[in-house]
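The values are calculated or read from the model by the stated rules, or taken from the named source; none is laboratory data. None of the values given here were measured: they were computed from a predicted structure. Methodologically, a virtual Cβ is constructed for each residue, glycine included, from the backbone with ideal geometry; neighbour enumeration extends over all protein chains shown.
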Amino acid sequence: MLTPSMVSSSLATVPLPGAHYLPAGGSVLVVRLSALGDVLFALETVAAIHRERPDVRIDFLVEDRFRSLLDNHPQLATVHVYPRRRRAAIAASLWNLRKSRYDVVLDLHGILKSALHVVLARARHKVGPGVPASREGAARAYSLVVPMPTPAPHRAEVGHRLLAAIGLSGRPAAPRLAIVQPPAALLLASKAPRVFLHPGTSAFAAFKRWPSERFAELARRLTDRGLSVLVGFGPGESELAAPVLARAPRAIAIDGGQLGLLGLAGVMQQCAVVVAADTGPLHLGATVGARCVALFGPKDQARYGPRAHSTEPHEVLWHEVPCRPCRRRTCVTPQCVLGIDVATAEAAVLRQLARVPT
């Protein structure tokens, strides 16, 4: 690996990519406050910077509820935390951010809240996306506004376009995590392929859920085929997992709240396929290399779908309706996701399992 001194000594003969913005031994702050999937997408940007400029110090700014995802991250020097609901701690967090100096700040979030942090950060260059990838006037905080196409690209692609604008290649890179391996007792002794089912979403995104009853039937069918089934749930989601576990008593319950995000990632890494709706754990599974069956509904998979970091793509399922995709935050009867039947989901899982190297 190159060190800053090594890069400095060779700078005269080997121009560094993006050297105008990021000099040898420079520093960059990546801003992505939330949500879980989007923070994972932002780690592609981190990996791309590290791949092309290993001499550069990379810091990250994230909300407190996703801080644990970045614990011991091998490509990050410092993680700044925004304590969104602890007002007494906000001033201290902003002061810590203000004490640091950067060559470049990259705002991957593109909203007013992230832009306020960009304004407070001390940096030579403040870079962020133009509309439609930014909103709420966030672009006013940037010294370099990077044009975005309409419709907006995939959330992960936004970061790569920012990197291209400052002189790097803009090519995607697989994100890294400091995965925590799960206790052996959590995993089945069977050598059968493991399928991880996650029936929950955040309460905010409840209208994107595939019904628990269908997850339960899918779990039953998969266990009847001799597959090992794991059923995951986060804080406040145990009632969504309960009917699935009741219908498939041989399935293993995976409490993500107890394991933490990196522990949950460790479990998913041991699974061949992850089945979930459009929610953070789906993207966690994709990040650690599981093949995903994504039960999408109202959102556009071209912008929010799971990322493939291998040659094999994931499968994204939805039921076509005239109003899909949409930007609604609630829906009385989201037929776009409710129209996905169990047989279709089961067939997708079996196709993904057939592609797993033996």
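Take Arg98 and tell me if it is in contact with a strand residue (DSSP E or B) (Cβ under 9 Å, 6 or more places away or on another chain) and basic (Lys, Arg).
For Arg98, the condition - in contact with a strand residue (DSSP E or B) (Cβ under 9 Å, 6 or more places away or on another chain) and basic (Lys, Arg) - is met.
Of the conditions (1) at positive phi; (2) within 22 Å of the chain's Cα centre (by Cα), Leu162 fails just one. Which one is it?
It is condition (1) that Leu162 fails.
Checking Leu106 against (1) under 30 Å from Pro325 (Cα atoms); (2) in a loop (DSSP other than H, G, I, E, B); (3) aliphatic (A, V, I, L, M), which test does it fail?
Checking Leu106 against (1) under 30 Å from Pro325 (Cα atoms); (2) in a loop (DSSP other than H, G, I, E, B); (3) aliphatic (A, V, I, L, M), the one that fails is (2).
Taking only region 78-96 into account, find how many residues are in contact (Cβ under 8 Å) with a residue 40 or more places away in the chain and either under 12 Å from Leu29 (Cα atoms) or not assigned by TED's automatic domain parsing to the domain that holds Leu36 (or both).
1
For the structure I just gave you, tell me whether Val356 is under 17 Å from Val288 (Cβ atoms), of a type in the set (A, V, I, L, M, F, W, C) and surrounded by fewer than 13 Cβ atoms within 10 Å (Cβ to Cβ).
In short, yes.
The rows are residues; the columns are (1) of a type in the set (Val, Ile, Thr); (2) surrounded by 19 or more Cβ atoms within 10 Å (Cβ to Cβ); (3) outside any helix (DSSP H, G or I); (4) at pLDDT 95 or above.
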| site | (1), (2), (3), (4) |
| --- | --- |
| His117 | no, yes, no, yes |
| His125 | no, no, yes, yes |
| Val145 | yes, no, yes, yes |
| Pro149 | no, no, yes, yes |
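Could you name every one of the strands (runs of 3 or more DSSP E) located completely within region 225-313 that has at least 3 residues being aliphatic (A, V, I, L, M) and either without any contact (Cβ under 8 Å) to a residue 24 or more places away in the chain or within 28 Å of Thr330 (Cβ to Cβ) (or both)?
Of the strands (runs of 3 or more DSSP E) lying wholly inside region 225-313, those with at least 3 residues that are aliphatic (A, V, I, L, M) and either without any contact (Cβ under 8 Å) to a residue 24 or more places away in the chain or within 28 Å of Thr330 (Cβ to Cβ) (or both) span 273-277, 291-295.
Return the total of residues in region 155-171 being crowded, with 18+ Cβ neighbours inside 10 Å and assigned to a loop (DSSP other than H, G, I, E, B).
Qualifying residue count, region 155-171: 2.
Within region 240-249, identify whether any single residue is surrounded by 24 or more Cβ atoms within 10 Å (Cβ to Cβ) and of a type outside the set (S, T, N, Q), and answer yes or no.
Yes, because at least one residue in region 240-249 is surrounded by 24 or more Cβ atoms within 10 Å (Cβ to Cβ) and of a type outside the set (S, T, N, Q).
Which condition number in (1) within 15 Å of Trp210 (Cβ to Cβ); (2) of a type in the set (Gly, Ala, Ser); (3) surrounded by fewer than 24 Cβ atoms within 10 Å (Cβ to Cβ) is the one that Ala294 fails?
Against the list (1) within 15 Å of Trp210 (Cβ to Cβ); (2) of a type in the set (Gly, Ala, Ser); (3) surrounded by fewer than 24 Cβ atoms within 10 Å (Cβ to Cβ), Ala294 comes up short only on (3).
What are the residues in region 172-221 that are surrounded by 15 or more Cβ atoms within 10 Å (Cβ to Cβ), part of a helix (DSSP H, G or I) and not small (Gly, Ala, Ser), if any?
If the condition is that a residue be surrounded by 15 or more Cβ atoms within 10 Å (Cβ to Cβ), part of a helix (DSSP H, G or I) and not small (Gly, Ala, Ser), then Leu186, Phe207, Lys208, Arg214, Phe215, Glu217, Leu218, Arg220, Arg221 are the ones that fit.
Can you go through Pro313, Pro306 and tell me which one is at pLDDT 95 or above and outside the structural domain of Asp64 (by TED's automatic domain parsing)?
Result: Pro306 is the single residue among Pro313, Pro306 that is at pLDDT 95 or above and outside the structural domain of Asp64 (by TED's automatic domain parsing).
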